[in-house]
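Written below as structure tokens is the structure these notes are about.
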Amino acid sequence: MTQPPGQPPQGAFGAPQDQPPGGGFGAPQQPPAQGAFGAPQGVPQGTPPLPPRPPHQPQPGYGYPQQSAPGPYAQPPGPYGVPGPYGPQPGYGYPQQPQYLGGPGMPPPAGSGGGGPFKGRPALIVAAAVAGLLVVGGTVYAVTRGGDDGRKPVAQRSDDPKASGTPVDPGDGSGGGADPENLNAGRKSGEAKVLWYKSAPDAPAAGADAPGMWITGKTAVKAAYKQVFAYRVGSGDPAWAPITFPQKICAVTSQKSADDKVVVAYMNGTSDRAKCNQLQEIDLDTGRKGWTATVADGGLFDSALSIELTISGKTLMVGRSESGTAYDLGSGDKLYDKEKYGASCFPTAFAGGTDRLVEVASCGAGGSAEHDEISQLDPATGKVEWTQPVKKGWQVERTYSVDPLVVYMTNEEKNAWNISVLDGKGAFRSEVKVDEKFAPQCGWALLARDLQGCQGVAADANTLYLPTDVSGANEIVAISLADGKAKWRVKSPTDESMYPVKVEGGRLVAYVRPSYDAGGQVVSIPTTGSAHSTTRLLQNPQHTADIEDGFYDGAVDWVGGRFYLSSTRLTGSDDAKEKLMMAFGN
């Protein structure tokens, strides 16, 4: 293959070159099977029927049958330069299309992402989002956007020999009282307890977003529509009075800071021209409202209609569609702007870690040299530490991990995609070569790329953990970041899918979906050694499996021996009796 005109210089990440047919990044892919984590299993009694879901539409660069395409990086000598041994690879790493957890045949409300206890929204940038509309299948849909008792909980197996009928907090905001649904009455031997649950607040009939979930040693904090709620991790008692905003919440920092702070953005009005530009810092443990700020617009096509919030160390980066503004997370003082640079390069997305800030820029839009660039920034100053161009036609969609940096990219023209690993200096390190289809659960954004909008994927210094895309029992595959090959794989202990949650203490913690005759499970898998079987940490009750499985577009976390599950989208139905959040433990 000869080099197309207008490509990045030879030798950079993504430099064009001759490619063997059918090999490596961008090889022919098969569309993933539907029905991974979050497939309908059941619906709480009284949930009304929802409008029919539009037929599934293949998304360019994701679901179409893939064509052989050269990868976005310069392949080194060796196995990259000859045909095979990897050949056409069917669908590894494809972000799973959303599924609704509302019950058999129960689709999600129009205009919202799909679900499962991982945030599931189609990875698609919608040009019509400025008008708040999404066109699907010819139909227009509206689119919206440690223990508190002083003792440290210890993770342990659910082997309580006695059933318990201990009442739990019904979530009416009072922090105690009766348990009208008697959720613990039917708990069987060996099953975990429902520690507490919270009913969802009132929401508009069209539904509302409930983004974010943050767990500290004392509090479990959740945003929903116009409010932020906080509960004691052990009892579910209110930790502090809910914070209510004048307009709906439109963006949050997905991660909390090292000192348990987050930033929430809310709209400045209700009109079609309202912007997501009002920032509020919040202390998760005390509920203290810290600094506030108003995000300024950028250029003509760079307004704050939609923003993304990223924490990196002590820096908050606010990303617009074509620029970013950094704030000091402690004071709210503006630090710097990241704007257009070079040959029409516009920063379009950011991803942050403990002390790492990654920027993705779109360069030369509409021209022959159009391409993406990945840069690493000093979070405190915005200074560029390295930049790596990506070959023309490839777009950076996700970061499966920031440190180490693992990126997922697509090529719309070639209907192809790839997972690549970059080292600390931005050089290409490896690509995933496993002949498998993977299905992390990924979110989406209207006007900006949500680089960190994926759950169901985890990484440590040497390994990437991805779930296979299989209906029913799937596997988690551990992939070496050094060479992209599979190190080991573990099958789900039940007939339901299993997904990575996090890596801690030399083990991978994973969540196994509930089934019709059993609640979900939290399991651990050793990351080193020769034995890689699952050990059950928590077995959720069978009689609450429908409620657990009914969390729409949910988020999950495992902290201090407790499992937390919350919705990220409210239906707005007065009859649904939907839950906002649940906590399980021994």
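A compact table of results
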item: Hits among aspartates and glutamates - C-alpha to C-alpha of residue 261 under 20 Å, sequence gap 8 or more where chains match; result: 148, 281, 283, 285, 308, 328, 333, 355, 557
item: Contour minus Cα-Cα distance for residue 412 and residue 296 (0.36 nm per residue); result: 38.5 nm
item: Additional length obtainable on full extension of the chain from residue 536 to residue 202, 0.36 nm per residue less Cα span; result: 116.6 nm
item: Extended-chain gain in nm, criterion 0.36 nm per residue less alpha-carbon gap, residue 340 and residue 473; result: 43.2 nm
item: Out-of-range pairs (alpha-carbon distance over 22 Å; input 222/289; 289/340; 248/289; 193/218; 188/577); result: 289/340; 188/577
item: Per-selection Kirkwood Rh - the range 208-276 (Cα, Å, 1 d.p.); result: 12.7 Å
item: Cβ-based net charge around residue 558, under 12 Å, with every Lys or Arg adding one and every Asp or Glu removing one; result: +1
item: Kirkwood estimate for the range 193-311, i.e. one over the average of 1/r between Cα atoms, Å; result: 15.1 Å
item: Close Lys-Lys pairs in the range 413-517, where close means Cα under 15 Å and separation is 8 or more or interchain; result: 4
item: Compactness relative to 2.2 N^0.38 Å, alpha carbon Rg of the range 388-475; result: 1.10
item: Cα-only radius of gyration and Dmax that characterise the range 427-586, units Å; result: 16.5, 54
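Where a number appears in this text, it was derived from the coordinates with a stated rule and is not lab data. Computed from a predicted model, the values in this text were never measured in an experiment. No Cβ is skipped: glycine too gets one built from the backbone with ideal geometry, and neighbour counts run over all protein chains shown.
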